[in-house]
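Taking it in order: structure first as structure tokens, then the write-up.
The values are calculated or read from the model by the stated rules, or taken from the named source; none is laboratory data. This is a predicted model, so every value here is computed, not measured. Because the Cβ atoms are built from the backbone with ideal geometry, glycine has one as well, and the counts that use them run over all protein chains shown. With ligands, DNA and RNA removed, areas are computed over all heavy atoms of the protein, side chains included. Shrake-Rupley method; radii C 1.70, N 1.55, O 1.52, S 1.80 Å.
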Amino acid sequence: MYLGLGQGARNRTAIPMPTLAVLVMAALLCSLAAPADAQLRNLRRAIQKNTELAVQRQRLNLRIENSAGAVEALAIGRDGRYMVTVSADRRARVWDLQRGREIRRLSPLDAQPVAAAFGSDGRRYGIVEADGTLTLWTTDRADPLGSTRFGDIRPTAMAFSPDGTSILVGNADGSASLVDLSTLTVSGVYAGNGSPATNVDIGSTGQFVLIGTRNGAVRIIETASNAIVRTVSATGADLTDARFGIDETEFFTADSGGQVSRWRVDSEDRDEDYEGASGSVASIAVSSEGETVAAVEAEKRLLVWDASSPGKPLIVEAHPGPIAGVAFDAAPNRVITFGADGVTRIWNSGDGSLLIQLISTERGWAVVDRDGRFDGSSRALANLAWAGETLELPIDNFTDNLYEPDLLEKKRLGVGELLSPGIQNWDEGILPPPLAVLNMEPSIKMDALTEIEVQMTVKDEGGGINGFFLFHNTKLISSDKIVRQDEREENGKKVIDATFRVRPIAGTNLFHANAVSSEAILGATTLVTVDVQAPARAPVLHVVTIALNEYLDPQLNLNYALPDARGIQQIMQSKYGEIFGDVKFYEVFDSQATRRGMQAVLAEMQDTQPEDVVVIYYAGHGEATESDFFFVTHEFELPISSRRLERRALSASKLQKYIENIGARRVIMLIDACKSGSAVEGFRDQMDRRVIRRLGQSVGLHIVSATAKQQFAVEHEELGHGVFTYALIDAMNGAADEEPRDGNLTVREVVRYSEEAVPTLSERFAQYQHWPLIYSRGLDFTLSKATQ
């Protein structure tokens, strides 16, 4: 599936005249100091070079794999905190828009979703299905509050009463059923007219209900007496939507002919027509204050009018295909659209600019803004890529500039100053990043495992070369292993030839290379598989546990860091011997966990062998500054400041160099860190996720980080461990074994299980959900045999 960003999605095949004029002027100014003939040559060369660069820019489309499918129903709470979407996979997903993420994915419905609606409290919501099932949920739990079924009547629409005590369900025969939510029984029925109800609504006082039917009729009925107060033949075309305005004195209609109108309940005539739609209108919405009317055509377009003086509407090409519906956010300047492409988009209703896109995949979520910034779960982000005419790059390749923790929350709050700068001129496209190519034989026969030479060629494709990387079994090879490097020019572009010396493993070796452009975009990965025939060496598991219960400053003391570390040691000692030739433990606890002590044990890992596995577990305090993340060492003392952290704690940037130098090609890092709270202000704690994700990407390792704002979020007496470590131990005991449940526990299964289990456990034991950061770039491999 390919999606544009409402900006057009095509390559630049020519230079706009204003741009060309700027390029010519720049070239002319740069050549003034040269002699006349040289000036002309320089001018021609500069124009040619800049023309090539401009043509090479490629605009990108977002490609989504394993999408949850078309968004078929959507509801948002009155206060704008929670939103529910139901996709073609029949799963309802709850989004916490304030926290900026999907928080719950429910079990599949039994039938196709028809409609969803929130109660007045913004927490309870209902979903009605095509088989007649109405189910009531609340946002803070996955299990339903209750459900009922309407027999043979097929529901077609639904609405909550203003007081939240009942739900009105419209039916295929034009009738409507009022359901008492205290008993989930039908308390009243409004007779049908034989035509399917396209929408139903309950007025702001609850005294009147509205039923709109496909044949164009709109009936206003008094709830107490069941008397029809007004019947209006609203359209000669098929009625597609009808609803009250901000009160019961007016209502709005839309039809398949493109007509959108406002009516007074006490009049037979239209009060206002909203013109501009060119095709069938699928849905309409009115802002909470009644100032703005929005509509979506069945294909592609969103239209927005000023309710009081409708003129020419604001028109936005909102989706590449069919649109299912439209709704206003709590803030009237934000309007939401959803449809067949499986993406929910939030727009600025004033100027039509795209604020954010919400994406649900089969097992995850992501958000992407118009400038390419992104946030999301590991599973969803692994399914996203940017595609141009001649290139396609995983969204992960844009991490350095575009990964933006808390993106949805920042966009909704309008705090643009907190966003990363991103990539300049993103809407005009990107310059293709460099291409790194490996020159290797597919098979090598060796009497003993010794170092081999790996030759890499890096070519500038138009975006410059700002660095290049070699990975062996997805672990970064340190630049210290470069033994030769030369630069040359080919067709006017830079080419780098580099030779690394690397010790392979017996059997299959995966080498991959990529390079980064001047725009900090990683180029496409070149992968080479090399089979090495040599005597095998049994792998060794190295387990490094760093844990601090006691700090020099007693205000920082914790309760469960040491029990957590010992729990990790025990599970690995008991279950991992059958996979590895040996298991070695390195523990750095309490007073030993100084910065020097941590650095010493990490340096010791440099002597591990490529076949080995290194697990690094940290339990203690972690703090983020504006530019880095720090593991708080034993000697650290409050108060927290950036200067104190830099002098006495261990930074993630320094840790990266130690991990680069680890000899083992398979590295797992587990971080169970809490924060003292003094450094947690606004969005400041997002930096830990940004830095840790970059660490995992740049070095090539599996990393799971459960940094939390408060100690109680990671520690609980009933568990005897922090929730993160408890989830890890549970996973390693066999709970993580996924289908086909072959009894082999792989590192990715453990990582994915932790991502799913930690929010559930933290909600149960700490009364709020906490999500670990997951980054899994390293090679998957079996850790142990499952026992459950």
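Data overview
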| quantity | calculated |
| --- | --- |
| Elements of type strands (runs of 3 or more DSSP E) in region 423-484, at least 2 residues being of a type in the set (Val, Ile, Thr) and open to solvent by less than 10 Å² (accessible area, probe 1.4 Å) | 452-459 |
| Residue ranges of strands (runs of 3 or more DSSP E) in region 69-114 with at least 3 members among the β-branched types (Val, Ile, Thr) and open to solvent by less than 10 Å² (accessible area, probe 1.4 Å) | 82-87 |
| Among (1) under 29 Å from Tyr775 (Cβ atoms); (2) under 36 Å from the mean Cα position of the chain (by Cα) - the single one Arg503 does not satisfy | (2) |
| Number of the condition not met by Arg154 [criteria: (1) at pLDDT 95 or above; (2) open to solvent by 20 Å² or more (accessible area, probe 1.4 Å)] | (1) |
| Conditions (1) touching a residue at least 40 places away in the same chain (Cβ under 8 Å); (2) in contact with an Asp or Glu (Cβ under 8 Å, 6 or more places away or on another chain); number of the one not met by Leu449 | (2) |
| Considering residues of region 744-788 that are open to solvent by less than 20 Å² (accessible area, probe 1.4 Å) and out of contact with any helix residue (DSSP H, G or I) (no Cβ under 8 Å at 6 or more places or on another chain) only, the residue farthest from Val614 (Cα to Cα) | Pro759 |
| Test: Ser627 is modelled with pLDDT of 90 or more and either basic (Lys, Arg) or over 15 Å from Ile546 (Cβ atoms) (or both) | no |
| Filtered residues of region 494-530 (kept if surrounded by fewer than 16 Cβ atoms within 10 Å (Cβ to Cβ), in a strand (DSSP E or B) and either without any contact (Cβ under 8 Å) to a residue 40 or more places away in the chain or in contact with a Gly (Cβ under 7 Å, 6 or more places away or on another chain) (or both)) | Lys494, Gly507, Thr508, Leu527 |
| Residue selected from region 404-421 under the condition touching a Lys or Arg at 6+ places or on another chain (Cβ under 6 Å) and open to solvent by less than 20 Å² (accessible area, probe 1.4 Å), by the criterion modelled with the lowest pLDDT | Pro405 |
| Every residue from region 229-250 that is hydrophobic (A, V, I, L, M, F, W, C), closer than 24 Å to Val128 by Cβ and surrounded by fewer than 22 Cβ atoms within 10 Å (Cβ to Cβ) | Phe244 |
| Hits in region 211-228 (condition: free of Cβ contacts under 8 Å to residues at least 24 places away in the same chain and open to solvent by less than 60 Å² (accessible area, probe 1.4 Å)) | Ala227 |
| Top-ranked residue of region 757-776 - restricted to ones that are touching a Phe, Trp or Tyr at 6+ places or on another chain (Cβ under 8 Å) and either of a type in the set (Lys, Arg) or modelled with pLDDT of 80 or more (or both), ranked as nearest to Arg693 (Cα to Cα) | Pro772 |
| Out of Ser353, Ser360, sole residue that is closer than 26 Å to Leu106 by Cβ, among the polar types (S, T, N, Q) and either open to solvent by less than 30 Å² (accessible area, probe 1.4 Å) or touching a Phe, Trp or Tyr at 6+ places or on another chain (Cβ under 8 Å) (or both) | Ser360 |
| Any hit, region 534-547, residues being in contact (Cβ under 8 Å) with a residue 60 or more places away in the chain, open to solvent by 70 Å² or more (accessible area, probe 1.4 Å), not hydroxyl-bearing (Ser, Thr, Tyr) and not in a loop (DSSP other than H, G, I, E, B) | no |
| Qualifying residues in region 115-148 (those that are part of a strand (DSSP E or B) and open to solvent by 40 Å² or more (accessible area, probe 1.4 Å)) - the one nearest to Leu184 (Cα to Cα) | Ser147 |
| Where Thr545 falls short, out of the listed (1) in contact with a Pro (Cβ under 9 Å, 6 or more places away or on another chain); (2) at pLDDT 95 or above | (1) |
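Every residue, every condition in (1) open to solvent by 40 Å² or more (accessible area, probe 1.4 Å); (2) more than 21 Å from Val540 (Cα to Cα); (3) part of a strand (DSSP E or B); (4) small (Gly, Ala, Ser), yes or no:
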{"site": "Val601", "(1), (2), (3), (4)": "no, no, no, no"}
{"site": "Gly622", "(1), (2), (3), (4)": "no, yes, yes, yes"}
{"site": "Pro639", "(1), (2), (3), (4)": "yes, yes, no, no"}
{"site": "Arg643", "(1), (2), (3), (4)": "yes, yes, no, no"}
{"site": "Glu646", "(1), (2), (3), (4)": "yes, yes, no, no"}
